[in-house]
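Reviewing the structure listed below.
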Amino acid sequence: MRPEPGGCCCRRPLRANGCVKNGELRNGYVRSSTATAAAAGQIHHVTENGGLYKRPFNEVFEETPMLVAVLTYVGYGVLTLFGYLRDFLRHWRIEKCHHATEREEQKDFVSLYQDFENFYTRNLYMRIRDNWNRPICSVPGARVDIMERKSHDYNWSFKYTGNIIKGVINMGSYNYLGFARNTGSCQEAAAEVLKEYGAGVCSTRQEIGNLDKHEELEKLVARFLGVEAAMTYGMGFATNSMNIPALVGKGCLILSDELNHASLVLGARLSGATIRIFKHNNMQSLEKLLKDAIVYGQPRTRRPWKKILILVEGIYSMEGSIVRLPEVIALKKKYKAYLYLDEAHSIGALGPSGRGVVDYFGLDPEDVDVMMGTFTKSFGAAGGYIGGKKELIDYLRTHSHSAVYATSMSPPVMEQIITSMKCIMGQDGTSLGSAFGREMLKRNIGVVVVGFPATPIIESRARFCLSAAHTKEILDTALKEIDEVGDLLQLKYSRRRLVPLLDRPFDETTYEETED
């Protein structure tokens, strides 16, 4: 899947969105219309400012089968009805009430706790709560140790048994490159810095919390990303939620992918800018919004937008899909918009040099106005960063809430990042670069189960996170157990025949197009 640098071999006339007018190019690449080309499996691609793909880039995701969707909604409906019945019993004290309630003297006030999210939590989420917040008592490596717990009140509370479940295969941590461990060069370097600097800084960067380690880390991050400057933050979530409001505000327009992370969504809402959503990874949907923004301007006044900011992620963790970055950049340049790229899951783990989705597609980092990422995944640490032009970083140093008010990053954490990043860059002398959840835990495999409201009701899923620390034997074991649990719980809904990725035919219905 890794694209290689090269020139363009396609000379067909293009639409503005990179699609050949006769329909042979869809979502970034062209199907050859000749029989000989089809027989040979040849695919032509468009380079700069159009399709931009030098190799096939075809991501296909199945939709939930209709029967499964209907049964899921029916099941939620039944549970909702029983939930209202139980709330009625709790109101008349027939059933014990475990959840937070309003105080008697505040019963006439506007409700603080009793909303629909709370209804979902107490009546539906509690049934499967044991799948989350499992306490581990080891390093989040290829295998983890989990503290055993039991509930005697239907998951309202848990009691620890004192037993430890040893050697659970870890398919749930973001430890993509295996740097989160208690041995090795990262641990040794962090331990030395802990002795010298201590654990905390106890001040902000603008006061007395700016260490030489902060300066070293930011210079290293900028060099790693290939940008002029970078700034680091102590929390990845706040890197998005607190910096987007510093970049856009009232009179600005944000175009956000419908599957963007909650931190991007919160940052957009806090900014006060107008937000419009485009279909996931759908360039036709994005271009239509861009066209409308240019043509119509702001509502009522019809004045031009002060700024148009496109928010996308490098890898969407819930889907596993990769942003169609070459096409996004082409649209961004055409309509003079700004691009904010969140590389939380792609940085370090994607691309020939581990520099993320920009590196994966062989693009110029300068084409991305704001490069954001976190250190919590591939680097086995904590915090986040923003990279870009020096003017951008200088502006954020004085206008970002995370920079002005937040405590500086811990020195041992910084050293963990520095050491692991140097390892990825080769500068250290090396080249190291619900029911399902319950059943998997019974087989000593820990997975992350994700459901509503984090996903749509009919798109709950189990998310598997691979790490460089996993061996082939571990993964073979995990695949075998996943297969067995899938059969046991009858979760294998896919009706597609398994086809090698590069041999898969193009599915024109994969991305819905908007015809102008």
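Computed from the coordinates by the stated procedures, all read-outs in this text should not be read as laboratory data. Just so we're clear, the structure is a prediction, and the values are computed from it rather than from any experiment. Cβ: placed from backbone, ideal geometry, glycine included. Neighbour counts: every protein chain shown.
Numbers for the structure displayed
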{"quantity": "For segment 278-291, Karplus couplings with θ = phi - 60° (6.51, -1.76, 1.60), whole Hz, Gly/Pro x", "calculated": "10, 4, 4, 6, 9, 6, 5, 5, 5, 5, 4, 5, 5, 4"}
{"quantity": "Amide H contacts of Ile275 (H built 1.01 Å from N, under 5 Å, at least 5 apart or other chain)", "calculated": "Ile254"}
{"quantity": "Linear extension gain, Thr80 paired with Ser157, 0.36 nm per residue minus alpha-carbon span", "calculated": "25.5 nm"}
{"quantity": "In nm, spacing of pseudo-spin labels at Met318 and Glu473 (7 Å Cα→C-beta vector)", "calculated": "3.8"}
{"quantity": "Theoretical FRET efficiency, 1/(1+(r/R0)^6), r = Cβ-Cβ of Ile208 and Lys480, R0 60 Å, to 0.05", "calculated": "0.60"}
{"quantity": "Peptides 328-335, 372-379 ordered by average Cβ neighbours within 10 Å, highest first", "calculated": "372-379, 328-335"}
{"quantity": "Hz values of 3J(HN,Hα) by residue in segment 212-219 - Karplus curve (6.51, -1.76, 1.60), Gly and Pro given as x", "calculated": "4, 5, 4, 5, 4, 5, 5, 5"}
{"quantity": "Order by protection proxy (mean Cβ within 10 Å, highest first), peptides 407-417, 101-111, 221-231", "calculated": "407-417, 221-231, 101-111"}
{"quantity": "Projected label distance in nm at Glu104 and Lys334, using a 7 Å step from Cα toward the beta-carbon", "calculated": "6.7"}
{"quantity": "Counted charge near Leu225, where neighbours are those whose Cβ lies closer than 10 Å (Asp, Glu -1; Lys, Arg +1)", "calculated": "-1"}
{"quantity": "For Gly172, distant residues with modelled amide H under 5 Å away", "calculated": "Cys465"}
